[in-house]
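Trainee: Next up is a structure, given as structure tokens.
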Amino acid sequence: MANLNIDSVKTRTFDAIVIGSGASGGWAAKEFTEKGLKTLLLERGRDVVHVKDYPTTNLYPYELEHRGEMTYADKQANPIANRCYAYKEDTQHFFAKDEEHPYVQEKDFDWIRGYQVGGKSLLWARQTQRWSEYDFEGPARDGFAVDWPIRYKDIDPWYSYVERFVGIAGNKDGLYTLPDGDFLPGYPLNAVEDYFRQSVNKNFKNRHVISARCAHLSEPQPIHIEQGRVKCQHRILCQRGCPFGGYFSSNASTIPWAQKTGNLTLRPHAVVYSILYDQESGKAKGVRVIDTESLEEMEFFADVIFVNASALNTNLILLNSKSDRFPEGLGNDNGLLGKYVAFHNYTARISAEYDGLLEYRTDGRNPAGGGYIPNFRNVDRQETDFLRGWAAAFGAGRSQIRDTNGIGDTLKSALLEDSKWSNWRVHSHMMAETIPKEENRVWLDTDKTDKWGVPLLHIAVDYAEDDWQRRQDYYEQMTAMYEAAGFTNIRTSNDGRRPGNDIHEMGGVRMGHDPKTSLLNKWNQLHLCKNVYVTDGACMTSTATQNPTLTYMALTARAVDHAVKSLKNGDL
Amino acid sequence: MNVNVINRRTALRRLLYIAGGALLLPACYRQSGKATIEMTNLEIEEEQENLLAELVETIIPSSDTPGGKELLLHLFVLKMVDDCHNPEDQKAFMEGIVAFSAYAHEATGQDFMEMDADKRLAFLEAIPEVADEQVKRFYAITKRRTIQGYMNSKYVMTDLKKYELVPGRYNGYFKMT
């Protein structure tokens, strides 16, 4: 028996444990296994094997029972998931269902989750922009949150490292507000997006419209072919999972790559209950896991633990990792764990029409989606009443006008004929920075748990007055830019979405210099428990305006490099 | 052998093909008086299903290409109303289909099923102007779902307005001719 136990502990001991298999967790697994560490990758959901487990990927619209629409019963059962733009009949199997995964909304908050191997990397919008020096300097300059313990130069080489492997389509735009990366050829702007770019250049100083940068293989390199991925085929059915591996996901890229090393143990159906702290060594020794199928509780051990469970679940796990030394959660002496959660304000839109360039339309589909307007507000100096700024998506298109007023033969021919094309319709949505605030926070229920006995998460995160100031500025500036381009019928709108629906929740375990005011150091280690690293959205000190996933991946690769070197030096 | 039964069977087979086997087949093809597809919320009689078939056929008639009835758009309408509409819509639809029959008789002195194609067309064309709210609402739901079902049918997406699953290209300056 004794031997059996020793063997059992041995088989449950690894060099590294990674919690979560989404974009950042997949990167941690890839880096550790490539560097020769036996790595356990834990995922709370089921396995999703690239291509094999994409059941809808090749379906035509008429093969979907409701042509893509969700049923009324599903909308009633899962109102949160149904408010996500990507939750449709062909993708719904990759979203966590409200009923199965409850949480407590102290204030309205849409927590959109992807509980399977690959996590939300299967579902993401694939927009990838680097942060600039100004984004990292923001909090210190403007006096909010705490100073980032890193600067652009610290992450620059890791951005490149990640970009080369992921494959990012983009142009070298030469903007100091949005640094260029190691790009594959960018996707082009269309006639009116390009026209708007020129108009903005001509009429506004320091404002730019560029091709959106995205994680698609516009021209695969040998490193991508080696992953088994080929050129993006412009299907734009990405969230079903891509049989070409045309966009980056853990499933198509980092996880199979890690598996090829022979060093990866992937364990789906494993909900992490807590991280186990060893008082004697002053380090974490492993994790407690609940197998979601057998409900069996088990422990796994490793020298180093990466927490990549998705921003709010990472907060949950750390808060639930209580010990005599850390009664309020792992590394939480200062009581700031779970606080200063922030997100992106996506509530604003602006649309218009353009009657020029009618000799053109588009043909095929653009994987990048169109244009991107990097933040130009308060970049190198404070110039408005509110702090920080906003970025915006911009796109233009034409559609066929069908007259559906008639019936009978009239209607039938109206539906089938090569009908008239509309004029150009342009649209934009805002992606605004939010300021991390102490009252925007999450905490654990003391009583209620989910079906695996994990305490429910309370979420109290809301907009504040400054969010509406930034939005007003977006409306005003974009309107001016539209007017200068001669667009007509300009309409601004508030889409009323709840926080969380941007799916960019960040913070709660922020990085900083000082253990008194932050949880993580400049290497993403818990100040007070150095062999635990957090490199998903939870680590973010501020939010900037960029889509954040690229930054999580770069921070992860950088942190694994540090962890492996520290293990070798005997520092961990 | 009843010709209608054969048609219904052929139709059912085609339906299963069209819907990718997604629709459930009742235990037997015909349970007298009942609809051909299983529904959760709507209780549709065979007669009402037949009426709906003629209605979608009038909205999108067969010509040198198939029309609404052959493409089973009436079953698509039922499927969508049954699964995707809220209970209020479903109630309106059920009341509307009854009101529609009554209104047809009242307005023309003839049952909708007895009218010839031209008369059906003329009757439907007048609905938005003259019919009561119940009939209008039923007709609006039916028409919208019929158009959707038609444009998203395998036939139209394969043979008439080809849907490209894998375009493999993007041209932002496509010159109009």
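Trainee: Is it the case, given these coordinates, that A:Ala284 is within 20 Å of A:Ala559 (Cα to Cα), at pLDDT 95 or above and part of a strand (DSSP E or B)?
Mentor: The answer is yes for A:Ala284.
Trainee: If you don't mind, another one. Check A:Lys52, A:Lys35, A:Lys10 and return the single one that is assigned by TED's automatic domain parsing to the domain that holds A:Cys238, over 28 Å from A:Tyr346 (Cβ atoms) and at pLDDT below 95.
Mentor: From the options A:Lys52, A:Lys35, A:Lys10, the qualifying one is A:Lys10.
Trainee: Looking only at residues that are part of a loop (DSSP other than H, G, I, E, B) and within 18 Å of B:Ser62 (Cα to Cα) in region A:375-426, which one is farthest from the other protein chains (Cβ to nearest Cβ)?
Mentor: The qualifying residue farthest from the other protein chains (Cβ to nearest Cβ) is A:Glu417.
Trainee: If a residue has to be in contact with a Cys (Cβ under 9 Å, 6 or more places away or on another chain) and assigned to a loop (DSSP other than H, G, I, E, B) to count, how many in region A:471-506 make the cut?
Mentor: Matching residues across region A:471-506 total 2.
Trainee: Sticking with this one: Residues of region A:203-245 being in contact (Cβ under 8 Å) with a residue 24 or more places away in the chain and among the charged types (D, E, K, R), which ones?
Mentor: Passing the criteria: A:Arg207, A:Arg213, A:Glu219, A:Arg229, A:Arg235, A:Arg240.
Trainee: Hey, another quick one. Within region A:73-169, considering only helices (runs of 4 or more DSSP H) that don't extend past its boundaries, which have at least 2 residues that are under 30 Å from A:Gln259 (Cα atoms) and at pLDDT 95 or above?
Mentor: So the answer is A:152-166.
Trainee: Under the condition of being within 13 Å of chain B (Cβ to nearest Cβ) and acidic (Asp, Glu), which residue from region A:181-240 is surrounded by the fewest Cβ atoms within 10 Å (Cβ to Cβ)?
Mentor: A:Asp194
Trainee: Somewhere in region A:242-254, is a residue assigned by TED's automatic domain parsing to the domain that holds A:Pro55, surrounded by fewer than 24 Cβ atoms within 10 Å (Cβ to Cβ) and part of a loop (DSSP other than H, G, I, E, B)?
Mentor: yes
Trainee: State the number of residues belonging to region A:489-525 that are among the β-branched types (Val, Ile, Thr), assigned by TED's automatic domain parsing to the domain that holds A:Asn547 and under 22 Å from A:Ala391 (Cα atoms).
Mentor: 1
Trainee: Something else now. Kindly provide the set of residues from region A:364-403 that are more than 13 Å from A:Tyr134 (Cβ to Cβ) and of a type in the set (Lys, Arg), ordered by number.
Mentor: The answer is A:Arg365, A:Arg398, A:Arg402.
Trainee: Quick check: is even one residue across region A:343-361 within 14 Å of chain B (Cβ to nearest Cβ), touching a Pro at 6+ places or on another chain (Cβ under 6 Å) and not polar (S, T, N, Q)?
Mentor: The answer is no, given that none of the residues of region A:343-361 is within 14 Å of chain B (Cβ to nearest Cβ), touching a Pro at 6+ places or on another chain (Cβ under 6 Å) and not polar (S, T, N, Q).
Trainee: Can you confirm whether region B:122-143 contains a residue that is within 10 Å of chain A (Cβ to nearest Cβ), in contact (Cβ under 8 Å) with a residue 60 or more places away in the chain and within 30 Å of B:Leu165 (Cα to Cα)?
Mentor: yes
Trainee: Next question, about the same structure. Filtering region A:45-75 down to residues that are more than 28 Å from B:Met151 (Cα to Cα) and surrounded by fewer than 19 Cβ atoms within 10 Å (Cβ to Cβ), which residue is farthest from the other protein chains (Cβ to nearest Cβ)?
Mentor: In this case the residue turns out to be A:Asp47.
Trainee: Confirm whether A:His101 is more than 14 Å from chain B (Cβ to nearest Cβ), surrounded by fewer than 24 Cβ atoms within 10 Å (Cβ to Cβ), out of contact with any Lys or Arg (no Cβ under 8 Å at 6 or more places or on another chain) and under 23 Å from A:Pro268 (Cβ atoms).
Mentor: Here the answer is no, as A:His101 does not meet what is asked.
Trainee: Condition (residue is farther than 14 Å from B:Arg145 by Cβ, buried (at least 21 other Cβ atoms within 10 Å of the Cβ), touching a Gly at 6+ places or on another chain (Cβ under 8 Å) and of a type outside the set (S, T, N, Q)) applied to region B:45-58: is it met by at least one residue?
Mentor: So far as region B:45-58 goes, yes, one or more of its residues are farther than 14 Å from B:Arg145 by Cβ, buried (at least 21 other Cβ atoms within 10 Å of the Cβ), touching a Gly at 6+ places or on another chain (Cβ under 8 Å) and of a type outside the set (S, T, N, Q).
Trainee: For residues that are surrounded by 15 or more Cβ atoms within 10 Å (Cβ to Cβ) and touching a Phe, Trp or Tyr at 6+ places or on another chain (Cβ under 7 Å), tally how many sit in region B:140-177.
Mentor: 11
The values are calculated or read from the model by the stated rules, or taken from the named source; none is laboratory data. Nothing here was measured: the structure is a model prediction, and the numbers come from that model. Don't worry about glycine lacking a Cβ; one is built from the backbone with ideal geometry, like all the others, and counts go over all protein chains shown.
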